Every structure is written in C-alpha cells, then in structure tokens.
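The values are calculated or read from the model by the stated rules, or taken from the named source; none is laboratory data. Since we're looking at a predicted model, the values are computed, not measured. We place every Cβ from the backbone using ideal geometry, glycine too, and count neighbours over all the protein chains shown. These area figures cover heavy atoms from the full protein model, side chains too; ligands, DNA and RNA do not enter into them. Shrake-Rupley method; radii C 1.70, N 1.55, O 1.52, S 1.80 Å.
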Amino acid sequence: MTRTLIGLDYAGVASVKVSTDAYDPATTPDTTYGAWLYNSKFDPVRYWGATTITDAGGAPDEQYFPAGSNGSNYQLLITNYALTYYYFRNSWFDGLYYSMPVFSKKIVSFSGRFSGRIVRQYFGYEGRSGYLASTGAWSPGWYQGYYNNGILTPPFGDGTWSYPDYDENGNPSSNLVIQVWNLPGNVEPILDPPLDPVAGQTSVIIDSTTCRVAKPGYDANTASESQLAFDSSVLPIKVVAANDVAVPSGVSSVPVGSVPDDCLVDVHFYNGADIYYPVSPFLGANDPSIGAEYWLSGGQLHFDNSYGACRARYMVYASNNAGPTYGDNGVIRQFNDGARDVVQFLRPGAGADPNFADIILDTRWPALRIVKQGYIPITADGYQEWAVSFDAGGAWPFIKYMTVHGGYSSSGENWSAMIREPYVKRLYTNTPGSAGGAAGDTTYCRLSSTEARFYTYRGNPVRMFYADFEDYDNRRLSYRYDEAPIQGIRYYIFGIPQP
C-alpha cells in the first residue's frame with residue numbers, strides 16, 4: 001500500500017509525495033530515501049525516447065528527413081551505398097534539453113530480442129592480432145561540430161551517426177535502437193536544479209485543466225519545462241516492474257505484470273556480489289556477464305541465456321509507442337486494481353483507459369530517482385581507479401554513464417567534442433608471450449550497494465598488430481592510440497525500489 005500527500009510537508013513546502021505505507025508523507029524527512037516512491041522535491045529523471053535504425057537496402061542512395069529537406073537543412077540523412085548509415089542532427093530529437101545527452105544503442109534481432117555481444121576484430125598480418133570487446137566498441141559517439149568531407153557536404157553541426165548491425169559479409173543481421181535520456185552526457189549540469197523554497201510561491205496547480213508541480217524554488221505559474229517536477233506534457237519516468245533475479249542457462253522468464261510488449265527495459269547482467277558495467281573486464285567470448293537475450297511478451301520478461309547462469313537486475317519503464325487517449329477523465333483518478341487502491345495523476349482530458357502517455361504518476365509505479373550524479377575529470381594515464389560512494393537508502397543501485405572526449409581533426413574528418421558509451425576492450429595476439437591486456441579506450445564500473453568504482457586505461461594502445469610477415473617473424477608489433485582520449489566520466493546512479 002502507499003500514502004499520498006498533496007500539500008505542505010514537514011518543512012512547510014508545497015509538494016506532491018507518494019510514500020510506502022510505513023511512512024507518513026507529511027512528516028517523513030526527504031533524506032529517508034527508502035520511503036519515497038515519488039517526491040516532487042527531487043530532480044526528475046526524464047526519458048526522451050527511442051529511434052530505430054534498420055537496413056535501407058533497395059532505397060535511394062540518400063534520403064533526407066523531414067520530407068522536403070536537403071543537405072543544408074535536414075534533421076536525418078540516411079545513406080545507402082555499400083552499407084546503410086544514419087546521420088542525425090540534434091534537431092531530430094525534438095524537445096531534447098541537452099546538446100550531448102545520455103544515450104545507449106541496443107542491438108535488436110529481427111525477432112525483437114535485445115542482446116549483448118562480444119565483438120572479435122582481427123588486424124594486421126593474416127589477422128594474427130586483434131581485440132575482444134563489448135558492443136559499444138564499434139558504436140559511434142555523439143558529436144559536436146562533426147564534419148566528414150568525404151560523405152557530407154556541407155558540414156553539419158551537433159549530432160551522431162550510426163548503422164544497423166551487419167555480419168562479416170556485410171549483410172544486415174539485426175537492427176539498432178538508439179535510446180536517449182533527457183540528461184546531460186557531458187560536463188553540463190542538469191538544468192534548473194531544485195532551489196530553496198520561496199515563501200508564498202505557487203508550487204502546485206491541480207484543477208480540471210491543469211496538473212502541474214514545480215521544483216522547489218520555482219513558480220508553477222511561470223516555470224519552464226526544465227523547472228517543473230511534472231506537467232501533463234513533461235512526465236517523470238516511472239518503473240512499472242523491477243527486480244534482481246537469477247537467470248539460469250537456457251530460456252526462462254519472470255512475470256512483470258500487464259505491460260505492453262514494447263516497453264523500455266534496462267538490464268544489468270552480472271555474476272558474484274558486484275555488478276560490472278558494461279561487462280566484466282575479464283572478457284571472454286562466453287563470459288556470463290555478457291548476459292542473455294531478453295524481450296517482453298505476454299506480461300513476462302523472457303531471457304535466452306547461452307553463456308551460463310548469471311543474475312539480472314532489471315527495470316521496465318512506463319514508456320512505449322502508444323500515444324495519448326482522449327475523453328473526459330479528470331486529473332485525479334482513484335480505483336482499486338483488484339490488489340490495492342491506486343491513485344493516478346492524469347493529463348487533463350485523458351480517456352477512460354489511459355495510456356502511459358496520459359499517466360503523470362501512478363502510485364503503483366515508483367518514479368526513477370537519481371541517488372547520485374556527477375562528473376569525474378580523467379587526468380592520468382594507465383590503470384586508474386575512481387571511487388564514488390553513495391547512499392541508496394535501501395534501493396538497488398543502477399548505473400548509467402558516458403565517457404567524455406575532446407575534439408579530433410584529420411584531412412577527412414573532424415569534430416569539436418564527443419561522448420560515447422563505455423566499453424571493455426582487450427587486445428590480444430596469437431603469439432604466446434606477446435603484449436595484450438586492456439586497451440586505452442576501455443572503461444568500466446564496479447557497482448556495489450554503496451560504491452561505484454570506475455576504471456580507466458587512458459594512454460594504452462587501442463590496437464596492436466603485425467604489419468607484415470617480417471614484423472610477425474621478429475615479433476615486432478605496431479600500435480595505434482585513441483584519436484580522442486577520454487577526458488571525463490559523466491555518471492548517474494539511479495535507485496530502484498525493491499519490491
């Protein structure tokens with residue numbers, strides 16, 4: 001059961017709060033983090049949405065979007081020469097607050113399954129050297145000021161580019177989904193953080209036509225989107241199902257309730273006491289920390305695990321492709337779902353059976369909370385550790401982070417800044433005794449219940465190889481280094497309420 005407050009809390013601040021039944025939302029301090037399923041005094045976590053990337057075989061060489069745009073004003077360009085490439089401008093992501101947001105790219109099979117993989121890449125003489133890496137290693141970054149004079153004329157500004165997943169013969173083997181969060185992925189701060197409350201300021205407006213709550217210190221009558229805790233068009237992300245479960249080898253599933261099959265899912269797969277994200281640094285082709293294929297179907301989260309038994313910490317979010325409904329629902333809806341009393345805060349004028357796009361809050365679904373966030377400047381080369389302690393208040397921690405990079409310039413390609421997904425990469429040769437180990441672009445996080453410890457290897461080679469037979473015969477390796485070495489880590493530690 002839950003308890004809801006709309007009004008003044010223990011500090012005299014007008015708020016909307018939902019607590020577990022054990023806590024009185026009017027008197028419980030905000031710092032009792034485990035009490036809160038929702039608290040309008042906390043900075044909200046917002047999800048922008050997703051874009052699916054598919055092979056465009058048979059399409060024209062170049063397609064510009066929106067319709068009627070061209071090389072100077074497009075938002076999305078799809079090129080289809082030898083392979084399909086997608087080029088995005090930030091304007092494609094309408095409503096995004098940040099020029100370089102938190103994002104992830106997930107591999108999706110043609111059957112709709114999400115999967116993690118280990119990439120094996122070969123280099124040099126007879127492919128006798130190369131690397132093993134998690135999938136982020138072959139995923140492009142999100143750029144500022146990107147320009148490639150071999151492909152795009154004229155240059156375009158902020159953006160990212162990507163392509164579907166292809167096999168070794170250049171045939172499409174699966175699609176990609178770019179998932180974008182309305183959170184900064186670089187050193188920028190979150191816009192309009194909560195401030196000290198202002199006496200007499202209007203913080204909550206709930207009536208037949210409006211359902212709006214401002215962050216502390218902002219007036220709900222005049223607040224911009226980024227100054228709102230929520231509004232009928234600015235929804236906090238909500239967790240409709242979450243757990244930490246054992247995943248056996250083979251096919252298995254866990255119940256997640258009556259949720260649409262196209263909901264957003266995030267999973268950490270791991271072995272042992274701690275989570276290694278994105279995967280374990282002890283990388284191997286059959287490492288169980290790679291995890292399982294996973295997909296939603298029929299109220300179940302399904303796993304197909306070929307690497308060995310592991311655990312999965314997952315969240316299913318109230319986010320899918322269904323649009324809003326229309327009817328005469330008020331902004332507050334109360335009912336019993338057969339197991340408990342439920343309070344919903346709705347978009348004014350929602351239909352009798354509202355979709356996720358209509359539901360601002362639902363007392364069954366905790367809002368995702370940022371336990372801790374920040375930026376770590378990376379100032380040293382070689383193996384380094386960077387520890388961040390936190391108090392999750394009884395919640396399960398869940399990590400997201402981006403690596404931050406500077407500019408790069410060559411005769412054919414340049415950019416002013418870049419962020420990218422973290423990945424683990426281990427170099428190898430097939431010659432015993434030769435150098436290998438973690439590549440210079442490797443980063444990972446070891447996450448426990450109280451600490452996120454980040455690891456970096458800046459300055460190490462990112463490739464090593466034998467240039468020809470003579471070098472191979474003499475065991476003489478050549479090396480390549482990161483063209484845009486890591487400069488920082490932008491991290492977010494979320495708290496998942498335990499069921």
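One table, with the values for the structure above:
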| item | result |
| --- | --- |
| Meets criteria (polar (S, T, N, Q) and surrounded by 14 or more Cβ atoms within 10 Å (Cβ to Cβ)) for Thr429 | yes |
| Verdict on Ser233 being within 30 Å of Lys106 (Cβ to Cβ) and open to solvent by 20 Å² or more (accessible area, probe 1.4 Å) | yes |
| Unmet requirement for Arg490, which otherwise passes all of (1) surrounded by 14 or more Cβ atoms within 10 Å (Cβ to Cβ); (2) without any contact (Cβ under 8 Å) to a residue 40 or more places away in the chain; (3) not aromatic (Phe, Trp, Tyr) | (2) |
| Residue in segment 94-107 that is surrounded by the fewest Cβ atoms within 10 Å (Cβ to Cβ), counting only those that are more than 15 Å from the chain's Cα centre (by Cα) and touching a residue at least 12 places away in the same chain (Cβ under 8 Å) | Gly95 |
| Tally, over segment 389-432, of residues that are hydroxyl-bearing (Ser, Thr, Tyr) and within 19 Å of Thr379 (Cβ to Cβ) | 2 |
| Counted residues, segment 432-448 - those being in a loop (DSSP other than H, G, I, E, B) and surrounded by fewer than 20 Cβ atoms within 10 Å (Cβ to Cβ) | 6 |
| Every residue from segment 325-382 that is under 25 Å from Ile496 (Cα atoms), part of a loop (DSSP other than H, G, I, E, B) and open to solvent by less than 30 Å² (accessible area, probe 1.4 Å) | Pro354, Thr363, Pro366, Leu368 |
| Hey, Asn186 crowded, with 18+ Cβ neighbours inside 10 Å, polar (S, T, N, Q), modelled with pLDDT of 85 or more and not in a loop (DSSP other than H, G, I, E, B) or not | no |
| Breaking point among (1) of a type in the set (D, E, K, R); (2) open to solvent by 30 Å² or more (accessible area, probe 1.4 Å); (3) closer than 30 Å to Ser15 by Cα, for Lys238 | (2) |
| Boolean, Asp341 is touching a Leu at 6+ places or on another chain (Cβ under 8 Å) and charged (D, E, K, R) | no |
| Test result for Leu83, touching a residue at least 12 places away in the same chain (Cβ under 8 Å) and within 22 Å of the chain's Cα centre (by Cα) | no |
| Those residues of segment 303-317 which are open to solvent by less than 40 Å² (accessible area, probe 1.4 Å) and either in a strand (DSSP E or B) or farther than 24 Å from Leu447 by Cβ (or both), in sequence order | Phe303, Asn305, Cys310, Ala312, Arg313, Tyr314, Met315, Val316, Tyr317 |
| Matching option when the condition is under 17 Å from Trp415 (Cβ atoms) and within 25 Å of the chain's Cα centre (by Cα), among Arg120, Arg89 | Arg89 |
| Options Ser129, Ser162, Ser139, Ser115; residue that is open to solvent by less than 40 Å² (accessible area, probe 1.4 Å) and farther than 30 Å from Ala357 by Cβ | Ser129 |
| Given (1) open to solvent by 10 Å² or more (accessible area, probe 1.4 Å); (2) under 23 Å from Tyr314 (Cα atoms), index of the condition Ile496 fails | (1) |
| Single unsatisfied condition, Met464 versus (1) in a loop (DSSP other than H, G, I, E, B); (2) at pLDDT below 95; (3) of a type outside the set (Ser, Thr, Tyr) | (1) |
| Some residue of segment 63-76 being buried (at least 19 other Cβ atoms within 10 Å of the Cβ), within 30 Å of Ser15 (Cα to Cα) and in contact (Cβ under 8 Å) with a residue 12 or more places away in the chain | no |
| Residue in segment 206-213 that is in a strand (DSSP E or B) and surrounded by fewer than 20 Cβ atoms within 10 Å (Cβ to Cβ) present | yes |
| Flag if Ser15 is open to solvent by less than 60 Å² (accessible area, probe 1.4 Å), assigned to a strand (DSSP E or B) and in contact with a helix residue (DSSP H, G or I) (Cβ under 7 Å, 6 or more places away or on another chain) | no |
| First in segment 117-140 and part of a helix (DSSP H, G or I), second anywhere and acidic (Asp, Glu) and at pLDDT 85 or above, Cβ under 6 Å, 6 or more apart | Tyr125/Asp468; Gly136/Glu421 |
| Residues of segment 400-415 satisfying the condition of being surrounded by fewer than 20 Cβ atoms within 10 Å (Cβ to Cβ) and at pLDDT 90 or above | Gly406, Gly407 |
| Qualifying residue in segment 82-101 (condition: touching a strand residue (DSSP E or B) at 6+ places or on another chain (Cβ under 6 Å) and farther than 27 Å from Asp266 by Cβ) | no |
| Spans of strands (runs of 3 or more DSSP E) in segment 245-294 with at least 3 residues open to solvent by 50 Å² or more (accessible area, probe 1.4 Å) and modelled with pLDDT of 90 or more | 250-255 |
